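Bear in mind these aren't lab numbers, they're just calculated from the coordinates by the rules spelled out. All of these numbers come straight from a predicted model, not from anything done at the bench. FYI the Cβ positions are ideal-geometry reconstructions off the backbone, even for glycines, and counts take in every protein chain you see.
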Amino acid sequence: MILSMIALAAVGFHVAGIFAAMHAVMHTRTSQGAFAWSLGLVFLPYLSLVPYLFLGSSHFRGYVDLHRQRQARFFMLHDEASQPPQGAAVLTPETVDDPRYAPIGRMLKTAMHGGHALTLLVDGHAAFDAMLAAIARAEHYVLVQFFIIHDDTLGGRLRDALLERAAAGVRVCLLYDGIGSHALPDRFVERLRDGGVEARPFATRRWRNRFQLNFRNHRKVLVVDGTHGFVGGLNAGDEYLGADPALSPWRDTHLGIEGPAVADLQRAFAEDWYWVTGERPPSLAPLDRCGRAASMIVATGPADRQESCSLFFTQAITAATKRLWITTPYFVPDAAVFGALRLAVFRGVDVRILIPDRPDHRTVFMASTLYAHEATVAGIRMFRFYDGFTHQKVMLIDDDTAVVGSMNLDNRSFRLNFEIAAVNVDATFASEVEAMLTADFARSDEINPNDYRRLPYLSRVALHVARLFDPVL
């Protein structure tokens, strides 16, 4: 009897695995991912079926429908924004036609505008001091979005700043990712809500993908009164200020923006807020001509018709003619991005990539190590940052373009996460980023192709095994 039940359960697992494999073949975004999932689901359903429920689905139709109707139905913020505060300039954004980045704008239905003032914020203390100061000056509304918020000292400072503004009559909207902030206790959120802060978790879950762990909202956005915006790599937790001894000092970069692009930050937040609440958050027109920089907000995600994040990197890399410096905590490029990097070397571009010397996620670190070796063989200069953990997501292109945002060079950013970045064209700002990255490279060691060859054989095997998990890294 017991053996019959075991046999029946085994048959059930295999049948379910076959149906799940059919789903994987139809819906997984890459052929490599489809092959990996279907192979495991057919031959090892006991091990792969449950993970597939959490990681495998690639569709969440409600969000896709909303996202693809955003321009026509919900988020014409430039047209629907209220009048700016008395004495502020009326928005007449100057569109900048830069052929290097125009394909990105057409893909994402956005544009590059001139007239921005940019502030480079190096590391957590500078970034959060600036963001908390901007929140303290809010008169109308505050829009806040983080992938991770912790109930610790920094999280408490953010909470208290938002509560203080809400008590002053300012509308405060807070989004945090339901999985990224899984450790955030209910009492933290309840205190915010009791104080008048509209705090909501982001989730793409509906009944058919209620087990889904993919499609996380990895964006970090702050908009204050429509005039001040912030975007970058930092989350709200003490480790981002260097409090984790295993990863300290924590190296990261954020960006402050004033000018027309703040409206596009608002729009990205508004889409996510509408998905969660069914309502649009407040909005005001940003100030115009705050500076000389041209900026374009690039918001990507798995609901886009194209694999927009991967295509964004591919086009940005292709735009480089002299220099391409990138810093990323995770280097697991797909074929298109890796090919673009190698072609840049053959064009004579100075391609350098900075990655951490210590892991925060072991499997990703191992896969990155193998890709770093293959990159050096192709002529890409790879560096490991040894003075702490580098989490920044920055790209410097030639002498005039700097990108700061939330995007990593891995499959999760390319195809599974909602991401955001600012592409900034301004020689003065690019020189600031160059100085910052030059200092970072000075605190790093260049990777030699022989480093891989010196590893024991079983260690090299482990690196290749780690790379098999590319589709979910």
Please report Val403, Val349, Val461 as a ranked list, fewest other C-beta atoms within 10 angstrom at the top and most at the bottom.
Val461, Val349, Val403
In the range 351-414, what percentage of the DSSP-assigned beta bridges are antiparallel, given to the nearest 5?
45 percent
Sorting check: for 111-121, 305-315, which peptide has the highest mean count of neighbouring beta carbons within 10 Å, and how do the rest follow?
111-121, 305-315
Note, the range 449-455: 3J(HN,Hα) by Karplus (6.51, -1.76, 1.60, θ = phi - 60°), whole Hz, Gly/Pro = x, goes x, 6, 4, 5, 5, 7, 5
Cross-link reach list, lysines versus Lys220, counting only Cα pairs under 16 Å and skipping chain neighbours closer than eight places
Lys393
Dipole check, the range 327-473, charges on Cβ (K,R +1; D,E -1), about Cα centroid: among Pro449, Phe383, Val345 the Cα furthest to the positive pole belongs to Pro449
With θ set to phi - 60° and the Karplus curve 6.51 cos²θ - 1.76 cosθ + 1.60, what are the ³J(HN,Hα) couplings of the range 244-256 in order, to the nearest whole Hz, using x for Gly and Pro?
8, x, 5, 10, 7, x, 8, 9, 8, 9, 10, 9, x
Taking placed amide H atoms and a strict 5 Å upper bound, the residues 5 or more places from Leu324 or on another chain that come that close are Asp350, Val351, Arg352, Asp398
What is the sum of charges around Phe365, taking Lys and Arg as +1, Asp and Glu as -1, for the other residues whose C-beta is under 12 Å from the C-beta of Phe365?
+1
Under 12 Å Cα-Cα from Lys322, which aspartates and glutamates qualify once same-chain neighbours fewer than 8 residues away are excluded?
Asp350, Asp398, Asp399, Asp400
Relative contact order %, the range 308-472, counting alpha carbon pairs below 8 Å whose residues are six or more apart:
27 percent
Under 5 Å from the placed amide H of Ala293, counting only residues 5+ away or on other chains, we find Gly115, His116
DSSP-loop trypsin sites (Lys or Arg not before Pro) across the range 403-467, with at most 13 other Cβ within 10 angstrom
Arg454
Under the Karplus curve 6.51 cos²θ - 1.76 cosθ + 1.60, θ = phi - 60°, whole-Hz ³J(HN,Hα) for the range 132-144, x wherever Gly or Pro sits:
5, 5, 5, 4, 5, 8, 4, 10, 10, 7, 9, 10, 10
DSSP-defined antiparallel bridges as percent of all bridges, the range 308-472, nearest 5:
60 percent
Among residues other than Val142 whose Cβ falls under 11 Å from its Cβ, what is the net charge (Lys/Arg +1, Asp/Glu -1)?
-1
For Met366, Met26, Met131, what ranking results if the residue with the fewest other Cβ atoms within 10 Å of its Cβ goes first?
Met26, Met366, Met131
